[in-house]
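Below you'll find the structure, written out as structure tokens, and then a few comments.
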Amino acid sequence: RKTALENLDAALRLNPKSPDLLLTAGIVYQQLGDTPRALDAVEKAIAGGISPATLSDTPNFDTLRGNPRFLKLIQR
């Protein structure tokens, strides 16, 4: 967990607006159980151009299917 977060933080410092990296960050945060940070990253990824359909098709986000904030993001 610690190493994953350190590496992710380093990558985000280098390229904080990369939509693909933000999507990956959302996946990592969700896998680590940090849903608020996952949703923050996913929201930024969408703002950067990631398709809401991509989120809907990503199995890593299946646990968010009942989350109102996630549902709003994928319905854009």
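The values are calculated or read from the model by the stated rules, or taken from the named source; none is laboratory data. Just so we're clear, the structure is a prediction, and the values are computed from it rather than from any experiment. Glycine also receives a Cβ, built like all others from the backbone with ideal geometry; neighbour counts cover every protein chain displayed. Each accessible area value is taken on the protein alone, full model and side chains, heavy atoms only, with ligands, DNA and RNA left out. Shrake-Rupley method; radii C 1.70, N 1.55, O 1.52, S 1.80 Å.
So which residues in the stretch 63-76 are more than 18 Å from residue 36 (Cβ to Cβ) and either among the basic types (Lys, Arg) or modelled with pLDDT of 95 or more (or both), if there are any at all? Spell out the reasoning first.
Start the filter on the stretch 63-76 by keeping residues that are more than 18 Å from residue 36 (Cβ to Cβ), which leaves 75-76.
Result: 76, single match.
It is to be established whether one or more residues within the stretch 18-32 are at pLDDT 95 or above, out of contact with any helix residue (DSSP H, G or I) (no Cβ under 6 Å at 6 or more places or on another chain) and assigned to a loop (DSSP other than H, G, I, E, B).
yes
Can you tell me which residue among 37, 69 is open to solvent by 70 Å² or more (accessible area, probe 1.4 Å) and within 9 Å of the chain's Cα centre (by Cα)? Talk me through it step by step, then tell me what you get.
Details: 69 fails: within 9 Å of the chain's Cα centre (by Cα).
Step by step, each of 37, 69 is checked, and only 37 is open to solvent by 70 Å² or more (accessible area, probe 1.4 Å) and within 9 Å of the chain's Cα centre (by Cα).
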